[in-house]
Amino acid sequence: MAEEMIIKELDDVVVRFSGDSGDGMQLAGNMFSNISAAEGNDISTFPDYPADIRAPQGTLTGVSGFQVHIGSGKVYTPGDKCDVLVAMNPAALKTQYKFCKPQSVIIIDTDSFTKRDLEKAQFVLENPFSELGIKNEVVEAAITTMCKESLKDSGLDNKSIMRTKNMFALGLVCWLFHRDVKVGEKLLREKFARKPEIAEANVKVLYDGYHFGENTHASVAMSYLVPSKAQKEKGRYMDINGNKATAYGLIAAAEKAGLQLYLGSYPITPATDILHELAKHKSLGVKTVQCEDEIAGCASAVGAAFAGALAVTTTSGPGVCLKSEAMNLAVITELPLVIVDVQRGGPSTGLPTKSEQTDLLQALYGRNGESPMPVIAASSPTDCFDAAYMACKIALEHMTPVVLLTDAYIANGSAAWRLPDLAEYPDIRPPYVTPDMAGAWTPFQRNPQTGVRYWATPGMEGFMHRIGGLEKSNETGAISTDPENHNLMTRLRAEKVAKIADSIPDLKVEGNQDVDLLIVGFGGTYGHLHSAMDELNRRGKKAALAHFKFINPLPKNTEEVLRRYKKIVVAEQNMGQLAGYLRMKIEGIHLHQFNQVKGQPFVVQELVEAFTKLMEE
């Protein structure tokens, strides 16, 4: 053992925690993210857990992973492969080793590598490292034994003691990267404030893991330091995931509009945490209703919109299928409604805990009749706040349902977020009826510039009215089957949505303007596509990125931007839905495609290789 440990300074590092679903890898990963954010590092995380409620212990299908990328400067993705892998058992080693770099350090709990454990993970040889051909540096620690010894006098039962193993692993990783373990102690005391004996046990084991590395040098050649070099904008920061940021964005919009926020929802992975978060904020006037099914969730939100609330319903792809009729009720009644679709792998129940972008065409066209609906896609966990705010602003100011697309990757992933100043956000001004309209007003009387109907809510004297799912007369608001009226109303609804393009930002091209390849994407792939663009430019290949946040209507300069480039590739986690939509909207445009439907984020290196090949053709 060397007396002086070599400390290597790195610009960024990727750590992956993996183990059984009950091993607490999500908590360990989240805490390491928070500790690193407190050090001033930029972070990006990727929780990767199974759909099983609890798979049999030690089996390959029950492995839960959490990857975090920390950097001195801006970090766009959780990283393709990890520099450190924590594998709490043989199943974790077998399924997660593919994410290791050749020089990765692997940390294992030797107590969980018994013959029985190896058999459950379907190893043939007694040496799993030999069987997998692993030549990486391995830190072998008897984590289970040390946790038992550490807490033998704590009074806790064996099950509770076993639940602290993740904190030992976290402490060891904190030592390896010179993290401030006191921040972890503070987080644990906050998390287990109501169970002080559990808090004390976890804190003790956290320090034990740290000191194990400190005292033994953990059999590694060097430790690492990732200093904070980025000049962050001054302010208060927090580690936030996309679902929580979405919830906060909805609350902020309701505050800005002076309206009560109503959420009608039904639990569904991976959107349920938005319901959980909003349910905590009754003090802010938020009303949440967990309905009996998806249809009731959406229909109750339509009712809340009629009553004058900022109405929201949250779901994932299967739920949008069920909500579509009620969504269309909001289209024909022209009521403001925000539908949050946290996309997951499909079709049907598909891959509940995995991420895709396969709901785009459903969001655009998945309803009967001509039913135009604005569609916005958030690009990162922190962007979910702004995207939710804008979805609410558009819904309220243009009297229309709006679909906000996020996905499981950004909904569960987290990043460091600067708490915004709401005064800096644009006002939200719903088009309410005015007192002078009383008596002469009709339900579909419109603003002549925007085509938006005026909003009268129950209780406004002189504005009693009925709306519903049957087509109405543009002039009187009474039920109408007149063909000319239906044609007119169909066009008015479409024109109203099209005019929203006047109030959204132009499509921005990032990178150099004179390039050989324009990369196009939407939603949660932004970080990976941006990283691919940066890597191509580092290699001397000229590439730029145009990433869509507003999809319907498209930004007004979309055609001008796309016709500017000779070679364009649309990269998306589906079979080509955005590419097909752009071809339909812009006549004669030629687009190359990069499509993957794996339920996993893009791998930057694969993008770079595919785009390089395309540029050389």
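What the table below lists for this structure:
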| item | result |
| --- | --- |
| Approximate shape of the chain as ellipsoid semi-axes (Cα gyration tensor, √5λ), whole Å, largest first | 48, 28, 21 |
| Rounded to the nearest 20 debye, dipole of segment 431-504 from Cβ charges on Lys, Arg, Asp, Glu | 200 |
| Whole-percent carbon and sulfur share, accessible surface of the chain, 1.4 Å | 51 |
| Cα-based Rg / Dmax (Å) for segment 6-225 | 16.3, 46 |
| Cβ-defined net charge surrounding Gly79, 11 Å radius [Lys, Arg +1; Asp, Glu -1] | 0 |
| Difference of contour (0.36 nm per residue) and Cα-Cα distance, Asp153 to Glu197 | 14.7 nm |
| Prolate/oblate/rounded label for segment 239-424 (Cα gyration tensor, a/c 1.5) | rounded |
| Volume in Å³ per residue [convex hull over Cα atoms, computed for segment 385-517] | 219 |
| Theoretical FRET efficiency, 1/(1+(r/R0)^6), r = Cβ-Cβ of Thr110 and Glu214, R0 22 Å, to 0.05 | 0.70 |
| Whole-number Å³ per residue for the convex hull built on Cα positions in segment 431-504 | 103 |
| Projected area, mean over directions - segment 311-353, Cα convex hull, nm² | 2.9 |
| Three principal axis lengths of segment 138-293 [C-alpha, angstrom, descending] | 59, 45, 26 |
| Model label zone, Ala478; criterion: amide N under 17 Å from point 7 Å along Cα-to-beta-carbon; scope segment 431-455 | 440-445 |
| Over 19 Å (Cα to Cα) - which of Lys393/Lys472; Lys256/Lys549; Lys567/Lys598; Lys393/Lys499 fall in this group | Lys393/Lys472; Lys256/Lys549; Lys567/Lys598 |
| Sum of side-chain charges, Ala377 neighbourhood, beta-carbon under 11 Å (Lys, Arg +1; Asp, Glu -1) | -4 |
| Stretch gain in nm, segment His178-Thr490, where the contour uses 0.36 nm per residue and the Cα spacing is subtracted | 106.1 nm |
| For the chain: accessible area per residue (Å², 1.4 Å) | 43 |
| With DNA, RNA and ligands ignored, accessible area of Arg189 (1.4 Å probe; Å², nearest 10) | 90 |
| Along each principal axis, Cα extent of segment 508-584, largest first, Å | 34, 25, 18 |
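The values are calculated or read from the model by the stated rules, or taken from the named source; none is laboratory data. Note that this is a predicted model, so its numbers are computed, not measured. Here Cβ is always computed from backbone atoms with ideal geometry, including for glycine, and neighbour counts include all displayed protein chains. Ligands, DNA and RNA are excluded from the accessible area calculation, which covers all protein heavy atoms including side chains. Shrake-Rupley method; radii C 1.70, N 1.55, O 1.52, S 1.80 Å.
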